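Structure record follows, encoded as structure tokens.
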Amino acid sequence: MRDRNAGFTLVEVLVALIIVAIGLAALMITVSSTARTSGTLRDKTLAQWMALNRLSEVRLNLTKFGQNTDTGEINFANRTWHYDTRYFDTSVTTMKRIVVRIYAGDAKTKGNPLIESTGFVGTSLGLPGSSNSTDWTLGTTVTAGAGGKNGTTPAPVTTPTAPTPTPTSPPAPAQ
């Protein structure tokens, strides 16, 4: 007869330890995957900021149009990054398409760009406030004096109404 207070056997303890080890290994894989994803998202966010900043710099400095490419390094967020800016012609002769690619590391580092951002710059766009179709101070797009056809005031719109029914008295009860 076996004593019930004897405890676990060595085999039972080893099986329990194996189950715990497998569970902890799966947990560590999940945690490291989450940390890696978080780092990638951080790098892509920083690269997007730098690409948008570079597009703004190009728009403010119009002397770069003589070149087809422009490269450089940026120190941002305590890291070194490099960019590649390319200029492409469009169907509008006074407008260029700008593509900025941001890479992690210095210019000697090879690999795929973290982010690619596209923008446009040119002289075909109107100056702010030069549009005469909208008067923003009045809050309307209709010019003064405009109305119906040939400058006339349109006729008011009326909707037909149904006649109001007249109440009738109920029939007299039959006798």
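Some notes on this structure:
- Each Cα pair under 8 Å and six or more residues apart adds its separation to the average, and for segment 8-123 the resulting relative contact order is 21 percent.
- Projected label distance in nm at GLN48 and VAL15, using a 7 Å step from Cα toward the beta-carbon: 5.1 nm
- Using the Cβ-Cβ distance between GLU57 and THR93 with R0 = 22 Å, the FRET efficiency computed as 1/(1 + (r/R0)^6) comes to roughly 0.40.
- Protection proxy ranking, peptides 40-49, 71-80, average beta carbon neighbours within 10 Å, highest first: 40-49, 71-80
- Computed log₁₀ I(q)/I(0) - Debye formula, equal Cα scatterers, no solvent, segment 1-104, q 0.10, 0.12, 0.14, 0.16 Å⁻¹: -0.53, -0.62, -0.73, -0.83
- Per-peptide average of other Cβ atoms within 10 Å, ordering 94-107, 8-21 highest first: 94-107, 8-21
- Backbone N under 19 Å from the LYS108 label point (7 Å along Cα→Cβ), restricted to segment 75-90: 75-76, 79-84
Any read-out appearing in this document is the output of simple, stated calculations on the displayed coordinates, not a laboratory observation. Only a predicted model underlies this, so the values are computations on that prediction, with no experimental measurement involved. With ideal geometry, Cβ positions are generated from the backbone for all residues, glycine too; neighbour counts draw on all protein chains shown.
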